[in-house]
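Taking it in order: structure first as structure tokens, then the write-up.
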Amino acid sequence: IAVLQIVKESQQQHGLRHGDFQRYRGYCSRRLRRLRKTLNFKMGNRHKFTGKKVTEEILSDNRYLLLILMDAERAWSYAMQLKQEANTEPRKRFHLLSRLRKAVKHAEELERLCESNRVDAKTKLEAQAYMAYLTGMLRFEHQEWKAAMEAFNKCKTIYEKLANAFTEEQAVLYNQRVEEISPNIRYCAYNIGDQSAISELMQMRLRSGGTEGLLAEKLEALITQTRAKQAATMSEVEWRGRTVPVKIDKVRIFLLGLADNEAAIVQAENEETKERLFESLLSECRDAIQAVREDLKPDQKQREHSLEMDSGKVSNIQYLHSYLTYIKLSTAIKRNESMAKSLQKALLQQQRSEEDGKRTPRPQDLIRLYDIILQNLVELTQLPGLEEDKNFQKEIGLKTLVYKAYRCFFIAQSYVLVKKWSEALVLYERVLKYAGQVQSEAGAYKNSLKDLPDVQDLITQVNAEKYSLQAAAILDANDTHETESPSQVKDGKPLSERFETFCLDPSLVSKQVSLVHFPPGFQPIPCKPLFFDLALNHVAFPPLEDKVEQKAKSGLTGYIKGIFGFKS
């Protein structure tokens, strides 16, 4: 059997793609039940348990080996599930170790069965590598670094030999497993005493875009621990000519790792890794700011009284808060600028993207990014303690002009797409105005602007775009004039209303010809006249007193006759 292939396919299809170990454990249990039923290898019945072991004598079907493999996978997946839960419930760590020992026990049984002559050489090697892998993980959790490294090295050696012995397609899985366990080997070496391993671990973390499995949390804890040792010697930080004491450990650790994180972002090989590192740095910065804010709240009133009102200086803790906020906003600007550069490259490769059927990037996407950058720059100018720093305000003003120029440029590009030539031309002129201001005012601030996009390249591009825009506008005007010639215009009127005008109308010979308006539209008609009887008030009616008196004389007799139906 192909042990590694079966394990990897099962894991990817049943939960581990999303880190759902509980779902994978349920799948292993169901598959075990199906295998036992198919092989008629049941452990007793409902009322009594009868244990059975797979022996070499009954090893007539490779599904007997699958039974042992699924038992090991079930125990391993339960251990990984408990590892996730042990972050909040430390007592579950004991159960985790028990499950890992169970998985190693099943792997040993699988290796013993594979020593039979009925099993081929490839399966024997894969069983040995699987056994070494689970043993290494158990020793890793026990922090027995030497034994863990030996087991991982054995596993790595076997998989490398298997990768060399087969085709490239089959070797992919083995090479992936080797890459997975390499950081674990370096971590074990570091704990044994190899100090050079930490730099290799950092490079692996950078190349892979993050580690997985058992090593992920341990590596982050190791980095934090290393920085914490260095933070013990750090007591102050200097920014813009002012030295501020740093007493909060979380802030010290963040400031020590800031340079390493920025260097890692620069060295990132792809945009996905760079985006992940930016998010990690911003998250650490937010945590540091929250720690300073909590320290700032309790005695805010005392600090307000201790301000040097005459000199206008803010307190040290408030200045440290401004420094961390500056780092956060500057990092957010760099991240958005990096995203803008990748979108600009995608715009240049627009035709290829359309052929691939992917969503085509638009200038509107870039406009949104530059809006966020400008908003961050506005927040930078409002930081406490920097209102009177004229150089800082001047630098931010120049950066704002640069990003405004780029924002106007992409707004103009979006207008070009909808053929609004005059609006686009006005915006191009505005871009040149902003760029000219930056070039004239840069002077002594060129060092602070060297990381920004080059304004001269933008001016060159805008001049080229202006000429192409003017040509496109002239061509579009000619096309419009041609389409509006009397011989081709169709104004939507039916044939009955345009007998006097010649028009080439192809619809006249089609099935949907427009001859008249049907149903006809409503037309106004005069209202029915109203009659007012004005003479009624001046008419004298004849008297009716004689008839009224005659009716009154009938009296009681007439009333009785009326009741009984007698009529006179």
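Which pairs break 19 Å Cα to Cα here: Lys341/Lys399; Lys42/Lys105; Lys334/Lys404; Lys341/Lys404?
Violating the 19 Å limit, Cα to Cα: Lys42/Lys105.
From the phi angles alone, apply the Karplus equation (6.51, -1.76, 1.60; θ = phi - 60°) to the range 419-425 and give each ³J(HN,Hα) in whole Hz, x where the residue is Gly or Pro.
Along the range 419-425, the couplings run 6, 9, 5, 5, 4, 5, 5 Hz.
Could you tell me whether the range 1-138 comes out rounded, prolate or oblate from its Cα gyration tensor? Rule is a ≥ b ≥ c as square roots of the eigenvalues, rounded for a/c under 1.5, then prolate if a/b exceeds b/c, otherwise oblate.
Cα axes put the range 1-138 in the prolate bin.
Between Arg276 and Gln170, what's the calculated FRET efficiency when r is the beta-carbon distance and R0 is 25 Å? Round to 0.05.
0.20
Could you give me the ³J(HN,Hα) list for the range 74-89, computed from phi with Karplus coefficients 6.51, -1.76, 1.60 and θ = phi - 60°, whole Hz, x at Gly and Pro?
5, 5, 5, 5, 5, 5, 5, 5, 5, 5, 5, 6, 5, 5, 9, 10
Please turn the phi angles of the range 122-138 into ³J(HN,Hα) values with the Karplus equation 6.51 cos²θ - 1.76 cosθ + 1.60 (θ = phi - 60°), one per residue in order, whole Hz, x for glycine and proline.
4, 5, 4, 5, 5, 5, 5, 5, 5, 4, 5, 5, 5, 5, x, 5, 5
So who's got an amide H within less than 5 Å of the one on Val237, skipping anything under 5 residues away but keeping other chains? H placed 1.01 Å off N, in plane.
Val244, Val246
Bear in mind that the values in this text are calculations on the coordinates, not laboratory data. Owing to the predicted nature of the structure, the values given are computational and were not obtained by experimental measurement. Quick reminder, even Gly has a Cβ in these numbers, built from the backbone with ideal geometry, and neighbours come from all protein chains shown.
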